[in-house]
Amino acid sequence: MNTKGKVFKYPDNVDTDVIIPARYLNTSDANELTKHCMEDIDPEFINNVKKGDVMVAGWNFGCGSSREHAPLVIKTAGTGCVIAKSFARIFYRNSINIGLPILECPEAADAINAGDEVEVNFDTGVITDITTSKTFQAQPFPEFIQNIISKGGLLASLKEDK
């Protein structure tokens, strides 16, 4: 499984209220919520993101509340992967639960720039910055977690495994 796309880059400590501001949480409609993804830090994100694009961030991405809305709106926007130096633990688990591919790789997060074109191989954990021809090695998920993500999340994988 791979994704390839343009990079949107963010700093350390992007919290869930930045990813999806709480003022919009009066609906559970993912498509409606996604219209507001990243709007307080990057108002044009939702207008510019294309299917397969990649978010790159610093330390502690997804800190803050435990709501699943944050990884859900990133996925619904079409983002193919989030690469960060580190993730808040609850965001990390919520991402797996809803089927959003994420990788921790501090070296890649430091070296990759906004607007670069990046390709990610989830089976091997290899991140290739096509723009600069640099490659980085992240720890790939074990096969059972890759299975959860490829099936669209934990609930979808449990239904399919019955």
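The values are calculated or read from the model by the stated rules, or taken from the named source; none is laboratory data. Quick caveat: nothing in here was measured; it's all calculated off a predicted structure. No Cβ is skipped: glycine too gets one built from the backbone with ideal geometry, and neighbour counts run over all protein chains shown. Side chains are part of the model used for accessible areas, which takes the heavy atoms of the whole protein and leaves out ligands, DNA and RNA. Shrake-Rupley method; radii C 1.70, N 1.55, O 1.52, S 1.80 Å.
Applying the criterion of being among the small types (G, A, S) and assigned to a helix (DSSP H, G or I) to the residues of segment 128-162, the residue that is nearest to D110 (Cα to Cα) is S150.
If only residues of segment 73-91 that are out of contact with any helix residue (DSSP H, G or I) (no Cβ under 8 Å at 6 or more places or on another chain) and open to solvent by 30 Å² or more (accessible area, probe 1.4 Å) are counted, the one that is nearest to G125 (Cα to Cα) is R89. Restricting segment 7-33 to residues that are among the β-branched types (V, I, T) and under 20 Å from R93 (Cα atoms) leaves a set whose member that is most open to solvent (accessible area, probe 1.4 Å) is V18. Among the residues of segment 20-76, those identified as part of a loop (DSSP other than H, G, I, E, B), modelled with pLDDT of 95 or more and basic (K, R) are K35, K50, K51. Pairs are defined by a Cβ separation below 8 Å, a sequence spacing of at least 6 or placement on different chains, a first member in segment 92-119 that is closer than 18 Å to L154 by Cβ, and a second member that is assigned to a loop (DSSP other than H, G, I, E, B) and polar (S, T, N, Q); the pairs so defined are N94/S66; L100/T79. Of the residues in segment 103-116, not one is open to solvent by 40 Å² or more (accessible area, probe 1.4 Å), assigned to a strand (DSSP E or B), at pLDDT 95 or above and over 16 Å from M55 (Cα atoms).
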